[in-house]
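Scroll down for the structure; my scribbles are underneath it.
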Amino acid sequence: MAHRRVGQGGAKSSGRAVRKAGGTRAKPGPGSERIRAAERYLIHWLPRLEGEQVLVALSPECQVAVAVADQRPSAHVTCFFLDFPLAEFARSTQAAGLENIEVVCAADVPSKPYDLFLLPFPSHGDLELARDLLEAGTAEVREGGTVAVAVEIAGEKHLREEMKKLFGHPQRHPIDDGVLYLATKSGPLKKRREFREDFGFRDGERLITGFSRPGLWSHRKLVGGIRPLLDKMEIGAGEKVLNPGCDVGALALAAAQRAEGVKVVAIDSNPRAVECVMAAAAKHGLTNIEAHLASGRWTKERGTFDVVVACPPYMTNERVADIFIDGAFEALKPGGRVILSSKHRVWYVDELHRGFDDIQVDEVREFNVIRAVKRGRGK
């Protein structure tokens, strides 16, 4: 491990024809080249699907829900999100002015009897989340209702297995570069899988346990940047700590137990993170943790925090550094400390120089633990 003090300075969709079940071809609708392939398949098939109570999930820009709302003014369409910024964007753009769309950002699919569940299944990425939402959405479909799931051909194997588990022999409709599966729900699901996972880790001599769910970075295993932060994080008695991007709550749970009188505010854009943090806090009997849904910054208690500790997503771009550093500056008191873990040292050091002093970097394996102190005056 090395320690340094840092000086001052500074696929577009193909748009190809869609093959009908009978073998004839039909062109996708206008603008379909701007829509993800799996969503395009569902939108093309909509005229053949019935239902007035409609659930849509895993549609990042709400495109499928908007298509349903446009085609069926009498329908009520629920567009489900696990990402607060995406949900807010959908409300203010795609869904704006459409009174029959309800944008929901919550830990679980809203419980109501749906006639139709539409799911664009991913061909890569978090497949466990997709399986979780496929099962959760299907569970809310009424008996006799329809489940329609589309996927690009690269991801069909995963979807085919899941649809067979749920429905036995669903209809399969090939499309040029993908597949649409249709099934009618004949009764309650025989067995619901448990996707929530218990986890545990040590913070010094203390064993801390918590919960994770699909869609969180640390589902089933803490992400690599957490352990270096736990090793370097110093929390004093009576300090007020902000943990943006709290995920499953490992840092928040550890900070809350480091010293007497500590108060921790954890925030995340995923409602499942908020749920998991509060469930773990309750399990440990911790009343000094609160968790909130927020999109990167916590503006309600500006200038009142002693410490900001975070492990920002490192498979991303410099804009994330801006968000986390600006949010830390707004939250901290003058002289307050920020502690970050990242693989991108340069991004964060460059940003920190705008409002922080005493910048230090510890190299811990492939991560950098970056610490700095907020200046006594504004930027």
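The values are calculated or read from the model by the stated rules, or taken from the named source; none is laboratory data. Treat the numbers as computed from the prediction; the structure is a model and nothing was measured. Here Cβ is always computed from backbone atoms with ideal geometry, including for glycine, and neighbour counts include all displayed protein chains.
For this structure, a couple of remarks:
- For segment 30-41, the count of residues that are over 26 Å from GLY125 (Cβ atoms), at pLDDT below 95 and in a loop (DSSP other than H, G, I, E, B) is at least one.
- Matching residues in segment 119-170 - criterion: being among the aliphatic types (A, V, I, L, M), more than 17 Å from GLU50 (Cα to Cα) and not in a helix (DSSP H, G or I): VAL151
- Search result, residues across segment 292-334 that are within 24 Å of PRO228 (Cβ to Cβ), small (Gly, Ala, Ser) and touching a strand residue (DSSP E or B) at 6+ places or on another chain (Cβ under 7 Å): GLY296, ALA310, GLY327, ALA328, ALA331
- Being at pLDDT 95 or above, under 21 Å from the mean Cα position of the chain (by Cα) and under 18 Å from ILE43 (Cα atoms) is a description that does not apply to VAL179.
- Residue satisfying all of: in segment 84-118; part of a loop (DSSP other than H, G, I, E, B) and among the charged types (D, E, K, R); farthest from the chain's Cα centre (by Cα) among these: GLU99
- All positions within segment 59-82 that are modelled with pLDDT of 95 or more, of a type outside the set (Ser, Thr, Tyr) and within 21 Å of the chain's Cα centre (by Cα): VAL64, ALA65, CYS79, PHE80, PHE81, LEU82
- Filtered residue count, segment 207-236, keeping only those that are surrounded by 19 or more Cβ atoms within 10 Å (Cβ to Cβ) and among the polar types (S, T, N, Q): 2
- Scanning segment 67-81 for residues that are in contact with a strand residue (DSSP E or B) (Cβ under 7 Å, 6 or more places away or on another chain) and not in a strand (DSSP E or B) gives VAL68, ALA69, ALA75.
- Segment 112-138, residues that are hydroxyl-bearing (Ser, Thr, Tyr) and modelled with pLDDT of 95 or more: TYR114, THR138
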